[in-house]
Amino acid sequence: MVSLSEWLAKNPIFSSLPERERLEIARTAMSRKYAEGESLAFYGDVWPYLFLVTAGSIQAIKESSEGRSLIVLTLEPGELFWGLAFFEDKAPLPVLLQAQSESMVYLWSRDQLLPWLLANGRFSWELSRLMVRRMMRASTIVEELAFKPVASRLAGLLLDHYQDAAGQPVPRSLTLDQMAAHIGTTREMVCRLLYRFSDQELIHITRTEFVLNDKSGLIQLRGQDADSA
């Protein structure tokens, strides 16, 4: 089993610190286990923590007043995330943080890590670089929602998630609701589009399996924008 100090040594942000300081940070961490579907924090919470995932996966989810969801980020073991209040006093959390599967995380409060951030420029610099990458990812999501039709976004999801299904069946690991949450639409729209893709022989789908019959066709569909759809 990998220890927390080993996780920190492999992480590009914490690895910028000397080993002695990483060990000290590891000693101050709070460990938390979450069952599948359990929430770490809710939209609107003032949540001044940074956490590292060491098992399972955590999703950051935006929810609309109409009940629609959009998964904006999935955090796998070794990845970091933080509440806005970790940097800005009283800033509310803009997403719901929820365990996609049985998960374990280690948390630090702002007060615990602030002395290291202020004293170590490389530590702060690496965390800033991660923040920029997250902003770039958010920009891509906004661009896709604004300029890509739902069919293109669904084609991209199938290509990314079911890479091994080209020409051979693989289990359906995503529900209609999960697909809808990944691309910012409704389960009814996903269902209609899947049947359309099947009628066009782009995919073969059953209740339990997926086959990508025409990967090049899906790639072409993924590249369409709203004007050409």
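Read-outs: derived from the displayed coordinates by stated rules, not from any lab. Since we're looking at a predicted model, the values are computed, not measured. So basically every Cβ, Gly included, is an ideal-geometry build from the backbone, and we count neighbours across all protein chains shown.
Close amide H contacts of GLY78 (hydrogens built in the peptide plane, cut-off under 5 Å, sequence separation of 5 or more or a different chain): VAL53, THR54. Rounded, prolate or oblate: which one fits the chain, using the alpha carbon gyration tensor with axes a ≥ b ≥ c (rounded when a/c is under 1.5, else prolate when a/b beats b/c, else oblate)? Prolate.
Spacing of the modelled spin labels on ARG134 and LEU23, each 7 Å from Cα toward Cβ, amounts to 3.0 nm. Relative contact order of the chain: 20 percent, from C-alpha pairs under 8 Å at least 6 residues apart in sequence. Our coupling estimate for segment 35-46, obtained by passing each phi through the Karplus curve with A = 6.51, B = -1.76, C = 1.60 and θ = phi - 60°, is 7, 4, x, 7, 9, 7, 7, 10, 3, x, 5, 8 Hz, Gly and Pro reported as x. Largest GNM mean-square fluctuation among GLY167, GLY56, GLY78, using the chain with Cα springs under 10 Å: GLY167. Averaging 1/r over every pair of different alpha carbons in segment 148-222 and inverting the result gives a Kirkwood radius of 11.9 Å. For segment 178-184, backbone phi angles converted through the Karplus equation (6.51, -1.76, 1.60; θ = phi - 60°) give residue-by-residue couplings of 5, 4, 4, 5, 5, 10, x Hz, Gly and Pro being listed as x.
Backbone phi angles across segment 12-17, fed through the Karplus curve with coefficients 6.51, -1.76 and 1.60 (θ = phi - 60°), yield HN-Hα couplings of x, 7, 6, 5, 6, 8 Hz in residue order; Gly and Pro are listed as x.
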